[in-house]
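Have a look at the structure below, then the notes.
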Amino acid sequence: MDSKQSKTNVLMLPWLAQGHITPFLELAKKLTHKNFHIYFCSTPINLKSIKTRITDKYSLSIELVEIHLPSLPELPPHHHTTNGLPLHLNSTLQEAFEMASPNFSNILKTLSPDLVIYDYLPSWARPIASSYNIPAVQLMTTGAMVVSFGQHMFHHPGVEFPFPAIHLQEFHEKLFRQIVMDVAKTTKERQVAPVNNDQPPCDIMLFNTFRELEGKYIDHLSATGNQRVVPVGPLVQGIVDDENEHSEIIQWLNNKEDIFGVKNDW
C-alpha cells in the first residue's frame, strides 16, 4: 500500500513570511511523528529557503508543493516573499496572494488532502477547501491574548475586557477597533468561493501557544467565539536539528572555553 494512503494527508498553507513559515514547519514536523503526511505549500522562493531544514528524518513525510502567484510588473517571483520585500510592496504581495486562488484550487484537486491547515491569509483557503469537501482549520502564529482581546472588542463593543491588565488608552482603543473592523470587512469582501453548507464546519482554531502561558485567554476565546481554541505550541525552530550534531553553531561552541578555562563539549 502507498505510504501516503496509510497516513492522514495534510496540506499546510502559511502566509509568505518566515515568521509564519517557521511555526507551520515546526508543526509539520510534529505531525509527522503522528502518522501524518504533509504537503507544505508556498511560493518557490520560500520553499527554496527552507529545503535545508527538511532533513532526511522528514524528507519522506514532508513534501514541498509550489504555489505560483501572478508575476506582476512590480512584484517579480523573487519578491513572492516578505523576506527582503520593500515595505511599500507588502500590500501588493497580499493582493497577488489573493489572486492565486485558481492555482490553489488546482492543487487541492490534484492532491486531495484530508485536511487543510491555513494562515490568517489568504481569505480563500477555507472556502475553496470546503468546495472540495475538505475540512480546514486555521493556525494562528500569534498568541491567544491579542486575538482574544481583538475579538472581544469587535463582538462586545463597550464591554470591558475581563482581564484589566490588558487595556488600551481611549485613542488607541478607537484605532485598534477600527483596524479590527477593517480587517473583518476586507476578509468578507475577498471571499471568492462559497462555503459548502453541507459540510460540518470546523470549529477548531490552532494557536502557537501553550496553556501554561495563556490558559485564561485560551478559555475566554473559546467561550466567546465560535471555535474551540487548541494550543499546539510553542512552535519554535530548534537551534540544532536532531540529525545535525555538527552544525556551525556547535562547532563554534566546541572551540570556546568556559569561564574555568576548560573547553566545552556540546
Practice item. Quick one: go through segment 29-69 and flag any residue whose amide nitrogen is under 13 Å from the point 7 Å out along the Cα-to-Cβ line of Asn106. Key: 66-69
Check your understanding: Between Val159 and Ser59, what FRET efficiency comes out of the Förster formula 1/(1 + (r/R0)^6) with R0 = 41 Å and r the beta carbon distance, rounded to 0.05?
Key -> 0.20
Point to revise | Qualifying GluC sites (Glu not before Pro) for segment 97-174 [loop in DSSP, other Cβ within 10 Å: at most 12] | key: Glu160
Point to revise | For Trp15, residues with placed amide H under 5 Å, excluding near neighbours | key: Asp119, Tyr120, Leu121
Review point. Met205's amide H: which non-local residues (gap 5+, or another chain) put their own amide H closer than 5 Å, with H modeled 1.01 Å from N in plane and none for Pro or chain starts?
Key: Arg228, Val229, Val230
**Study point:** Where labels lie 7 Å past Cα in the beta-carbon direction, separation of Lys51 and Leu87 in nm
**Key:** 3.3 nm
Exercise for review: Could you work out how far apart the two model spin labels at Thr142 and Asn255 are, taking each label as a point 7 Å from the Cα in the direction of the beta carbon, and quote it in nm?
Suggested key: 4.2 nm
Study note, to complete from the structure: Site Val230, offset 7 angstrom along Cα→Cβ, radius 15 Å on amide nitrogen, limited to segment 78-117, gives 114-117
Check your understanding: Given segment 8-235, what percent of its DSSP beta bridges are antiparallel, to the nearest 5?
Key -> 5 percent
Practice item. Enter the Cα centre distance for the pair segment 1-80 and segment 109-141, rounded to the nearest angstrom. Key: 14 Å
Exercise for review: Per residue of segment 142-159, in order, report the coupling 6.51 cos²θ - 1.76 cosθ + 1.60 (Karplus, θ = phi - 60°) as ³J(HN,Hα) in whole Hz, putting x for Gly and Pro.
Suggested key: 8, x, 7, 4, 5, 6, 4, 5, x, 5, 5, 5, 6, 8, 10, x, x, 9
Check your understanding: ³J(HN,Hα) across segment 48-55 via Karplus (A = 6.51, B = -1.76, C = 1.60, θ = phi - 60°), whole Hz, x for Gly/Pro?
Key -> 4, 6, 10, 4, 5, 8, 9, 6
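Values quoted throughout were computed directly from the atomic coordinates according to the rules given, and no laboratory measurement underlies them. Please read these numbers as outputs of a predicted model, since none were measured by experiment. All Cβ positions, even for glycine, are placed from backbone atoms using ideal geometry, and neighbour counts span all protein chains on display.
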